[in-house]
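First up is the structure itself, then whatever we jot down about it.
The values are calculated or read from the model by the stated rules, or taken from the named source; none is laboratory data. All values reported here derive from a predicted model rather than from experimental measurement. Here the Cβ is made from the backbone with ideal geometry for all residues, glycine too, and neighbour counts use every protein chain on show. Surface accessibility is based on the protein's heavy atoms, side chains included, excluding ligands, DNA and RNA. Shrake-Rupley method; radii C 1.70, N 1.55, O 1.52, S 1.80 Å.
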Amino acid sequence: MDHRSLLERWLRGIALALVVVFFMFPILWIVLMSLQTNETILRSPPSVVFTPTLQNYAALISGRLETEAGALDIAFMSNLMNSVILSVGSVALALVLGVPAAYAFARHRFRGSEDIAFTLLSFRFAPPLLVLLPLTLYFQDLGLADTYFGLIWVYQLICLPLILWIVRGYFEDISPDIELAYRIAGHSWWATFRRIALPLAGPGIAAAGLLAFIFAWNNFIFALVLASADKQPVTVGALAFVTASGIQYGQIAAAVVLSIAPTLALALWAQRYLVEGLSLGAVKG
Amino acid sequence: MSAPLLVLDRVNKIYDPDGPNPVHAVRDLDLAVNPGEIVALLGSSGCGKTSTLRMIAGFEAVSAGSITLAGRAIHDLAPARRNVAMAFEGYALYPPLTVRENIAFALKSRRRDRDGIARRVAEIARLLEIEDILDRYPSQISGGQQQRASLARALIRPADLHLLDEPMGQLEPQLRAHLRGRLKHFIREGGLTVILVTHDQTEANALADRIAVMEGGVLQQFDSPARLRERPANLFTGAFIGEPPMNLLEAEVEARDGRIIFRLKGGAPLDYPAGELSPALLEWLRRGGRVTLGVRPHRVRIGPGGLPAQVLANQWLGDQSHVAASFAGGVIVSVEHDRVPHGPGAEIGLTIALADLHIFDPASGRAIGHGGRLVEET
Ligand SMILES: Nc1ncnc2c1ncn2[C@@H]1O[C@H](COP(=O)(O)OP(=O)(O)OP(=O)(O)O)[C@@H](O)[C@H]1O
Ligand SMILES: [Mg+2]
């Protein structure tokens, strides 16, 4: 049954196409740039006709950057690895800490629970620099500066509130009676949490985890201040492409493509579960 | 008589006690349920029925008082350790599981053998007529079907006590009446002890051995259906139980010349020989003053003689007549089993036998006498 007129469908199609082009064009352009040399990128006027080359990727992966001023060592692959370690580590930790906490905040009203939850959220409002300065000093004293552990800890400022608040909403949407029906059948609250509440909130947890991963992946300022060269993620590492002899657009583009890839892959993979969760529906009692 | 299975002793529930609007949902509730008994909780919406069940099940903390089940004080135990089964007002089926799995998960936790579980599920599904939807998901079935699935899940579990919160509220009257018989048979067969909440008095009368009437969080009366009808403890139960509701008449008591006269508004006298009243009731009434009289519509007789009344409406319901008449400054309803010829405006005579008269104290609402005897004598 389609009672929309042909014109209306055309207009909708055009509008959708515009939106897609608007959002996808920069990515497409970056991909094209990553396959060109600096000379072809910088020629004027720009053109989409060129002979593709993989030399940017090769340079990144081998870690040697050839510039007019000579060869330069870059640590892009280890930066990428650092990004993976930091993002995965902090999301995992945030899930382990945040999901049970979200459940507690959703199910139990205790003294000050609202205040604690709000305080955690307020970490998101504070400018990062506000906490960074004291943290740097403390971390140096504690020996946490420039360790994965210390960085993952600080990344909780980003991930934990996100996961806590999103997942809490999902838990609140589950009728408590569904859990009680299971508990009264002789199951402990822990078994109920694992077998009833967690699966029902699964899509929400996946969404929150994905979002937290993206935020952690894109973080710049914490890593810039607290990490030295060998712990830096790609966001900070990319600064190395701004060299004395100019900006290496080709390599930057290739680096961007490589650093988008994991998030994109994760999003595509998680999407299945997100959609599955939505179609399961009728979680509310 | 054996010791009661469940004892509620001065149980109170206050929601949000420290908040700005505390709700005292259940007040000083005493209730004792015998093993194998079916008890119905009856009362208007919001009177605290669900709160009571949830305290027994352990989903709400008891604010004050104690609950004992099978000799154990359970009010501080986790729900899992109370050995109680419950069917929820909102069904609470688990969405990712089929109806069959939902029903079975109450048993699975007990590690019963697969064949045994399958047999039990099939049996209960046949009983409640949900065999054809066993393999569907809760989101794919109707409200009434969800309700029966949730009832099945509660009934299938062996437990000391089964709590059923409005177990058949979503079903059409025919199916409800039909399932009611089977349900009762199943409960008796299995020797289950059941507390069920219902809004349907017919259902309460048909299923329950005793009915607990609640209002405003207070237990009004806990008695057999027959006694609730014949011996209401106060004005509330009197008016709440029975359809159509009891007729209530304000009266002034007068005792003279060996007769007791209840002078109704407008002067009409209900006049009985004092000798037909028990001496104790007579003594109480001799003090004079105001009383509220109650009489069930089925017991108001239309016929020659009697007090004058004027018909306002006369409805034949297919098996009985409901006649509303203006009487003693108000309206009185009479139910007759035959057709009544009088149309609106007709003058009729009404008789009310002393045996059918309930006398209440208008100030406190407490019942004083039934059928010519003091409450304490009945
Ligand atoms: N969680 C709660 N917090 C605060 N007040 C509540 C809560 N649950 C119930 N109440 C209040 O307690 C009173 C009793 O509620 P309850 O659910 O026991 O009524 P009920 O007799 O089951 O009514 P119904 O017949 O409509 O199901 C009501 O006034 C209700 O508003
Ligand atoms: Mg209720």
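Taking the Cα atoms of region B:133-224, the ratio Rg/Rh between the radius of gyration and the Kirkwood radius comes to 0.98.
The average projected area of region B:240-377, computed from the convex hull of its Cα atoms over all directions, is 8.5 nm². For chain A, adding -39500 (n - 2.57) for each run of n ≥ 4 DSSP H residues and dividing by the number of residues yields -23000 deg cm²/dmol at 222 nm. Give me the Kirkwood hydrodynamic radius of chain B, using the inverse of the mean 1/r over all pairs of distinct Cα atoms, in Å to one decimal. Answer for chain B: a Kirkwood hydrodynamic radius of 23.4 Å. For chain B, the longest principal axis of the alpha carbon atoms and the long axis of helix B:143-156 meet at an angle near 70°. Applying 0.36 nm per residue to the separation of residue B:64 and residue B:114 and subtracting their alpha-carbon distance, the gain on full extension is 13.7 nm.
Amide H contacts under 5 Å for residue B:368: B:359, B:360, B:361, restricted to partners 5 or more places along the chain or on a different chain, H placed in the peptide plane at 1.01 Å from N. Approximating the spin labels as points 7 Å out from Cα along Cα→Cβ, the residue A:42-to-residue B:188 distance works out to 9.8 nm.
Each 10 Å bin, from zero up to the one with the longest distance, holds this percent of the alpha carbon pairs of region A:76-283: 8, 29, 30, 21, 9, 2, 0, 0. From helices alone, chain B scores -7500 deg cm²/dmol at 222 nm; the rule is -39500 (n - 2.57) for each run of n ≥ 4 DSSP H residues, then divide by the residue total.
Tally Lys/Arg at +1 and Asp/Glu at -1 over every other residue whose Cβ is under 11 Å from the Cβ of residue A:193; what's the total? Net charge around residue A:193: +3.
Centre-to-centre separation between the Cα atoms of region A:182-261 and those of region A:114-165: 15 Å. Taking the C-alpha atoms only, the angle from helix A:113-122 to the longest principal axis of chain A is near 10 degrees. Derived scalar couplings between HN and Hα for region B:186-197 equal 4, 5, 5, 4, x, x, 6, 9, 10, 10, 10, 9 Hz in order, rounded to whole Hz, by the Karplus curve 6.51 cos²θ - 1.76 cosθ + 1.60 (θ = phi - 60°), x for Gly and Pro. The Cα-based radius of gyration of the protein assembly as shown, divided by its Kirkwood radius, gives an Rg/Rh of 1.19.
Which residues does the label zone of residue B:101 cover in region B:136-152, counting backbone N under 16 Å from a point 7 Å along Cα→Cβ? Under 16 Å, as judged by backbone N against the label point of residue B:101, lie B:136-141 of region B:136-152.
Cα centroids of region B:243-298 and region B:36-71: how far apart, whole angstrom? Here the answer is 38 Å between Cα centres. Taking amide hydrogens as placed 1.01 Å from N in the peptide plane, the amide H of residue B:171 sits under 5 Å from that of no residue at least 5 positions away in sequence or on another chain. For region B:216-226, 3J(HN,Hα) computed residue by residue from phi via the Karplus equation (6.51, -1.76, 1.60; θ = phi - 60°) reads x, x, 10, 6, 8, 6, 10, 7, 5, x, 5 Hz, glycine and proline entered as x. Note: region A:1-123, Cα convex hull, 283 Å³ per residue. Once the 1.4 Å probe is applied to the protein heavy atoms, the protein assembly as shown comes out at 49 Å² accessible per residue. Volume per residue of the convex hull around the Cα atoms, evaluated for region A:117-229, comes out as 124 Å³. With a 1.4 angstrom probe, the accessible area lost at the A-B interface totals about 1600 Å².
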